[in-house]
Every structure is written in C-alpha cells, then in structure tokens.
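This report refers to the structure that appears directly beneath it.
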Amino acid sequence: MITLVLGGNKSGKSDFALDLLAQASGPTLFVATGKARDMEFREQIRKHRKSRTPYIEVAEVAEDLPHTLQKAKLTFPAVLVDSLDYWLFSCREAGCEPEKVEEFIAVLNNWGSTDLILVSCETGLGPLPAGSQVRAFVRSLGALNQAVAVQADQAFLVAAGLPLTLKQG
C-alpha cells in the first residue's frame with residue numbers, strides 16, 4: 001500500500017508518517033533524502049536522528065531513490081521516504097530530474113504489497129514565488145505530488161500536527 005503524507009514546513013507531517021511506520025510489523029526502513037547544506041539544517045537532521053526509534057534502519061539517498069526503493073521492497077515490509085521535495089531538489093541540482101522522476105513513477109506503478117509511506121511538502125498553499133527558478137521547482141514538485149497521489153492508496157494533508165484525510169482506500 002502506498003501512502004502519501006503532505007504538509008507544509010514544520011506541519012507535523014514527518015511525525016505523522018513515523019507514527020504510520022510504527023504500526024508496521026517486522027523490520028522497517030527510513031529513507032532520508034535531505035542533505036545538510038547549512039548549520040540550521042544540519043541541526044534539524046540531528047534532532048530527527050535523535051528522535052527516531054533506534055530499531056528503524058536508515059538509508060540516506062540523493063538522486064537514486066528509485067533503485068533504493070526497488071531493493072528495499074525485497075527486504076522490508078514497510079518503508080518511509082522523507083521527503084520527496086528534498087529528493088526532487090537533488091535530482092534537479094544533478095541535472096537528472098526528468099529521468100529520475102519517470103523512473104520513480106515506474107517503481108510506484110509496480111510497487112506491490114510493501115507498505116510505502118512518502119512524505120512531501122505541499123506546494124499550493126502559499127503565494128507564487130517571484131523567482132523563476134523557485135517557480136519552476138514549485139511547479140515540478142506540485143506535478144510530482146499529483147502523480148504520486150494518483151498512485152497512492154491513501155493520502156493525508158497534515159496541518160498544525162493534525163492529519164486530514166484526502167484519499168482513503
């Protein structure tokens with residue numbers, strides 16, 4: 001089953017996704033896509049690591065999320081990816097966004113029975129950014145979120161720590 005968890009920055013989406021992952025039986029995998037590019041983000045990653053339960057295996061990826069997921073579904077009954085926006089940013093920065101997004105959607109199309117929880121920032125809740133590069137990223141992320149939502153069995157929007165059901169079953 002594929003679950004999409006959307007929300008704004010510091011909305012509680014990651015905590016909600018971790019709660020979903022905790023419901024799984026057997027070994028679980030947390031796939032981290034964020035890379036520390038400044039001290040503030042480095043501290044945020046440190047806090048996330050410290051708050052996670054120690055029995056969750058962690059994999060850190062940049063652009064190669066599709067391959068990581070293909071391998072993970074053979075071993076783990078539940079996988080959490082946090083988050084698609086950082087992954088998309090890495091793909092864009094590496095110049096491989098279109099092919100990696102296509103590859104990722106193909107993986108979702110053939111996912112199977114492993115529980116997959118995907119976290120992403122919702123892009124449509126704020127003003128349109130003035131800069132063309134940021135606008136292009138927001139549009140790409142919005143398109144990715146929509147494509148994932150089509151594949152998802154369930155989807156939630158988390159606001160102020162409260163999950164709102166967007167799609168169920």
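Tabulated results
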| quantity | calculated |
| --- | --- |
| Selection count where residues are hydroxyl-bearing (Ser, Thr, Tyr) and surrounded by 21 or more Cβ atoms within 10 Å (Cβ to Cβ), scope the stretch 4-22 | 1 |
| Unmet criterion (only one of (1) within 13 Å of the chain's Cα centre (by Cα); (2) of a type in the set (S, T, N, Q); (3) outside any helix (DSSP H, G or I)) for residue 75 | (1) |
| Some residue of the stretch 116-128 being open to solvent by less than 30 Å² (accessible area, probe 1.4 Å), farther than 19 Å from residue 18 by Cα and free of Cβ contacts under 8 Å to residues at least 40 places away in the same chain | no |
| In the stretch 68-88, residue surrounded by the fewest Cβ atoms within 10 Å (Cβ to Cβ) [restricted to those that are closer than 18 Å to residue 110 by Cβ and among the polar types (S, T, N, Q)] | 75 |
| Qualifying position, being open to solvent by 90 Å² or more (accessible area, probe 1.4 Å), at pLDDT below 95, small (Gly, Ala, Ser) and over 24 Å from residue 145 (Cα atoms), among 51, 25 | 25 |
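The values are calculated or read from the model by the stated rules, or taken from the named source; none is laboratory data. Please read all numbers here as calculations on a predicted model, not as lab measurements. Glycine also receives a Cβ, built like all others from the backbone with ideal geometry; neighbour counts cover every protein chain displayed. Heavy atoms of the whole protein, side chains included, go into the accessibility calculation; ligands, DNA and RNA do not. Shrake-Rupley method; radii C 1.70, N 1.55, O 1.52, S 1.80 Å.
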